[in-house]
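We did not get these values from a lab; they are worked out from the coordinates using the rules stated. Owing to the predicted nature of the structure, the values given are computational and were not obtained by experimental measurement. Glycine also receives a Cβ, built like all others from the backbone with ideal geometry; neighbour counts cover every protein chain displayed.
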Amino acid sequence: MKMIYLENVSKVYPNGTEALKNISLNIDNGEFVFIVGPSGAGKSTFLKLLIREEKASFGKIKVSGYDLMKIRRGKIPYLRRKMGIVFQDFRLIAKMNVYDNVAFAMRVIGTPERAIRKRVKEVLELVGLDGKENRKPSEISGGEQQRVSLARALVNKPDMIIADEPTGNIDPELSFDIMKLLVEINQTGTTVIIVTHEHDLVKEFGRRIITIEDGEIKSDEKYPTKYHRTEADKK
Amino acid sequence: MKIFYLIKEGFKNIWTNRMMSLASVIVLVSCLIITGAAFLISFNVTHLISKIGDDDQITVYLDYDLNDLQSIKLGSQISKIKNIESYSFYSKEDALKQYEQVLGNIYESMQDDGNPFGNAYKVKLQDLSQYKNTVEEIKKIEGVSAVSDRSDIAGKLTKLNYFVTIVGSWVVLILALVTLFIISNTIKMTMYSRRYEISIMKSVGATNSFIRVPFVIEAMVIGLISGLAAAGVICSVYMPVRNAAAGIIGFIGESTFTVEQIMIPTFIVMSSAGLLIGIIGSIISITRYLKKEGGEIIGW
């Protein structure tokens, strides 16, 4: 089943910049996809369209069953509950500890506290942060901060994880760990889309790599998977 | 559970932005006091006018040197005027007695020759529309020194009330806009200080109403506190001000509302006004802000 479907999608900003030109692509359920390309190529715009921060100027775009050209403003939060977003700058709340940073994502969609306690514990174990629940973001490393951010993206059990340069602000060796974690998450059936410019890391992991340049898809290739095969890859 | 969380967040906002919250409470209290005072003056003047209008009794003051017998004779002349329903004698002794408490020790020495008052008649009229003519007729009787004519005061008060209403409405309107501006700016500041959280809330799928509620609660609490404080100030200074006004114009004391009469309505109206300003002010700033997305929120 298609998780993401784009047909002849273009995005022109009010200042006339054409960020995406006539893009068409499909991403299936459970896929692991890298979006690569130089800065200014249109990667960020592509992500913004997926999470409906921006509306496409032309074309058809469907995500998790929602038609993003027709979706009503009030429905956008429900679309976003289907996705977990990981930012390059982590976007953790400095005054909250690790536990609360993750629990926050559940509280703001009205989840009962008992369910929050159970789920946050699970997710923190998954990302390897159990025992660090009470630390503030400033008291943990960059890699750990990104794990918190990942835990927060995962905590509401999204259909897909969208990560914007998830390793951009952390050391290379820690970047590898974060990627491995994303692969593990993907193995549980969650679609993973990673926007990055770190070609070495991408090559190391293989899988589907979509290259965007000048707002167009330059290539869309599947590379041999060097690290765990996912169900989608096996197909 | 959910609503408790939202209320807690609202109070947390006030504490996080406590200096701004305090500043807006002070400005709101000042605005609400001025607004409340304008309303109270207007209500009291209207009440005063209606009381004066209802008062169909006039006082006819007789010449000071008229003795009791001459005064009684004059009374029979008054009774002959057509529009008179009833009349009663009000002696100079009665007039002095009214001030017994105020005068204290001097009261005794003012009896008899020391009495500064003359005799008078309290006259009730049949037809109030003939008020002016009747007063004129009474004035023509020899021995009448003056007639209390409240219609003149009523006219002046009506003009005053008109002025208070017009000026008061403008003052209220301008202050309402000022308070809305203040409260919406306070909320904007809080939203700015929590923009990171808001962008995360949006990215994880919090609905706009969920994001909005703590800020509305924050503004409502600020509005409510301001309303209650303003009502407290108004009620505590009301009686001293009223008494001071009564010291200048005597009948204000008996024809205006007491603090007991105005207390409950003042608290209800002021706190509701505070709440309403809070709700409207916050919704204005939040609605504009919630249209922003992701990076726009962070970079705001």
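Spacing of the modelled spin labels on residue A:132 and residue B:51, each 7 Å from Cα toward Cβ, amounts to 7.5 nm. Ranked by the mean number of other Cβ atoms within 10 Å of their residues, highest first, the peptides B:205-218, A:140-153 come out as A:140-153, B:205-218.
A simple spin-label model places the labels of residue A:57 and residue A:176 4.3 nm from each other, with each point 7 Å out along Cα-to-Cβ.
Let me make sure I get this right: for the range A:1-72, a, b and c are the square roots of the gyration tensor eigenvalues over alpha carbons, sorted descending. Under 1.5 in a/c it's rounded, otherwise prolate if a/b > b/c, else oblate. Which is it? The shape class here is oblate. Each Cα pair under 8 Å and six or more residues apart adds its separation to the average, and for chain A the resulting relative contact order is 29 percent.
Peptide A:103-110 has a mean of 6 when you count, residue by residue, the C-beta atoms of other protein chains within 10 Å of its C-beta.
In this Cβ point-charge picture (+1 for Lys and Arg, -1 for Asp and Glu), the range B:64-142 has a dipole of about 500 debye about its Cα centre. For the residues A:131, A:37, A:16, a GNM of chain A with alpha-carbon springs under 10 Å puts the largest fluctuation on A:16.
Can you sort B:47, A:199 from fewest to most other Cβ atoms within 10 Å of each residue's own Cβ?
Neighbour counts put them in this order, fewest first: A:199, B:47.
Let me check I've understood the local charge: for residue A:56, count other residues with C-beta under 13 angstrom from its C-beta, Lys and Arg +1, Asp and Glu -1. What total comes out? Around residue A:56, the charge tally is +3. Residues whose amide H lies under 5 Å from that of residue A:30, counting only those 5 or more places away or on a different chain, are A:191; hydrogens are built 1.01 Å from N in the peptide plane. Determine the sum of side-chain charges near residue B:90: Lys and Arg each +1, Asp and Glu each -1, restricted to other residues whose C-beta is under 15 angstrom from that of residue B:90. Every neighbour counted, the sum reads 0. For chain A, the longest principal axis of the C-alpha atoms and the axis of helix A:98-107 are separated by about 60°. For peptide A:71-82, the mean count of partner chain Cβ atoms within 10 Å of a residue's Cβ comes to 3.
Calculated FRET efficiency, residue B:142 to residue B:185, Cβ-Cβ distance, R0 = 56 Å: about 0.20 to the nearest 0.05. Each part reduced to its alpha carbon centroid, the range B:161-202 and the range A:133-147 end up 39 Å apart.
Taking Lys and Arg as +1 and Asp and Glu as -1, the other residues whose beta-carbon sits under 15 Å from that of residue A:137 total +1. A simple spin-label model places pseudo-atoms 7 Å from Cα toward Cβ; at residue A:7 and residue B:263 they are separated by 7.4 nm.
When the Cα gyration tensor is reduced to axis lengths a ≥ b ≥ c, the ratio a/c is 1.5 or higher for chain B, and with a/b above b/c it is classed as prolate. Between residue A:213 and A:218, the built amide H atoms are under 5 Å apart, and every one of these is 5 or more places off in sequence or on another chain. Counts of other chain beta carbons within 10 angstrom of each beta carbon in peptide A:90-98 average 2. Any chance you could give the angle, 0 to 90 degrees and rounded to 10, that helix B:2-16 forms with the longest Cα principal axis of chain B? In chain B, helix B:2-16 runs at an angle near 80 degrees to the longest axis.
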